[in-house]
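The values are calculated or read from the model by the stated rules, or taken from the named source; none is laboratory data. Keep in mind that what you see is a predicted model, and the values were worked out from it rather than measured. Cβ placement follows ideal geometry from the backbone for every residue including glycine, while neighbour counts extend to all protein chains displayed. Protein only, heavy atoms only, side chains kept; ligands, DNA and RNA dropped before computing areas. Shrake-Rupley method; radii C 1.70, N 1.55, O 1.52, S 1.80 Å.
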Amino acid sequence: MITLQIDGKTVTVQSGTNVLEAALQNGIYIPHLCHHPDLPDIGSCRLCLVEVEGREGVVPSCKLMAEEGMVIRTDSPEISHLRQLSMELILAAHPEDCSTCPKYGRCELQTLIQYMGTSATRMHTRVKGFTRDERNPLLIHDMNRCVLCGRCVRACQDLRGVGVLQYNQSNMETYIGTLHDKLLKDVDCRFCGACAEVCPTGTIRDLINYTPTEKRDTLIPCQATCPAHTDVPRY
Ligand code: FES
């Protein structure tokens with residue numbers, strides 16, 4: 001076991017635990033998006049930044065292994081500034097039409113935006129212009145909503161050992177797809193749904209839980225804390 005200090009709280013975790021998990025396991029929340037407890041970490045979203053006493057700069061806590069005697073700070077003016085920049089970079093490539101997304105109210109990105117109080121991005125925003133892929137049974141791919149956290153790729157590869165999802169390129173945009181954009185059934189997808197389960201946004205959706213927007217007809221109370229939205233269509 002390893003004992004360290006996070007935001008002044010002494011915590012003990014198993015060796016081999018990263019600082020993000022050490023914090024979460026002990027009730028200390030650090031914003032994060034690409035991290036998922038069942039998947040190997042890649043440290044791409046840069047939201048989970050922390051400072052380590054005695055070391056220069058900030059580091060993503062999901063890629064930092066807990067060490068005996070470490071002193072971690074999860075918030076400071078610099079961390080806050082860099083975290084907001086990371087979020088704004090993510091939002092620069094994400095559409096703003098959240099209220100029309102079938103995952104509205106259940107979206108991890110939406111929750112994070114509200115938690116961090118990010119109202120808009122100062123970056124140049126771009127529309128990716130992908131066509132929503134509805135060719136496959138059970139799963140819809142809407143790559144316009146993708147934030148490239150890579151959870152789906154890791155779930156397919158590392159969790160299920162299938163590996164049919166990969167990073168593709170089109171017109172300078174990276175997107176998640178299959179080899180040569182083949183249909184999922186033609187690349188031996190097992191349709192286990194793990195990709196949709198770990199997706200933090202409305203990018204990969206399974207048709208059982210998230211029907212297309214046009215089929216929604218009933219309003220239920222919004223789960224989000226945003227006062228501007230009091231109702232959200234039923235999925
Ligand atoms: Fe650590 Fe994304 S959760 S970099």
Exercise. Looking at the stretch 1-19, which of its residues are surrounded by 15 or more Cβ atoms within 10 Å (Cβ to Cβ) and out of contact with any Asp or Glu (no Cβ under 8 Å at 6 or more places or on another chain)?
Worked result: Ile6, Val11, Thr17, Val19
Seminar exercise, completed: Residues in the stretch 122-131 that are surrounded by 14 or more Cβ atoms within 10 Å (Cβ to Cβ) and in contact with a strand residue (DSSP E or B) (Cβ under 9 Å, 6 or more places away or on another chain) total 2
For this session: Report whether or not Arg46 is free of Cβ contacts under 8 Å to residues at least 60 places away in the same chain, part of a loop (DSSP other than H, G, I, E, B), near the ligand (Cβ under 9 Å from one of its atoms) and open to solvent by 80 Å² or more (accessible area, probe 1.4 Å).
Result: yes
Exercise. Just a yes or no: is a residue in the stretch 94-105 within 13 Å of the ligand (Cβ to nearest atom) and surrounded by fewer than 20 Cβ atoms within 10 Å (Cβ to Cβ)?
Worked result: no
Problem set entry | Residue within the stretch 30-43 that is within 16 Å of the ligand (Cβ to nearest atom), open to solvent by 10 Å² or more (accessible area, probe 1.4 Å) and over 22 Å from Thr174 (Cα atoms) present | yes
Exercise. Does Asp181 satisfy the condition of being surrounded by fewer than 18 Cβ atoms within 10 Å (Cβ to Cβ) and closer than 22 Å to Leu39 by Cβ?
Worked result: no
Problem set entry | Subset of the stretch 49-66 [open to solvent by 10 Å² or more (accessible area, probe 1.4 Å) and within 6 Å of the ligand (Cβ to nearest atom)] | Pro60
Problem set entry | Count - residues of the stretch 145-169 that are over 15 Å from Ala196 (Cβ atoms), in contact with a strand residue (DSSP E or B) (Cβ under 9 Å, 6 or more places away or on another chain) and in contact (Cβ under 8 Å) with a residue 24 or more places away in the chain | 1
Exercise. Any idea which of Arg190, Arg234, Arg205 is basic (Lys, Arg) and at pLDDT below 65?
Worked result: Arg234
For this session: With respect to Gly150, determine if the residue is surrounded by 20 or more Cβ atoms within 10 Å (Cβ to Cβ), closer than 22 Å to Leu39 by Cβ and within 16 Å of the ligand (Cβ to nearest atom).
Result: yes
Exercise. When you go through (1) surrounded by 20 or more Cβ atoms within 10 Å (Cβ to Cβ); (2) of a type in the set (Val, Ile, Thr); (3) in contact with a Ser or Thr (Cβ under 7 Å, 6 or more places away or on another chain) one by one for Ile90, which number turns out not to apply?
Worked result: (3)
Problem set entry | Failed condition for Leu112, given (1) assigned by TED's automatic domain parsing to the domain that holds Met172; (2) hydrophobic (A, V, I, L, M, F, W, C); (3) open to solvent by 40 Å² or more (accessible area, probe 1.4 Å) | (3)
Seminar exercise, completed: Just one listed residue, out of Gln5, Gln84, is touching a Ser or Thr at 6+ places or on another chain (Cβ under 8 Å), more than 13 Å from the ligand (Cβ to nearest atom) and touching a residue at least 24 places away in the same chain (Cβ under 8 Å), and it is Gln84
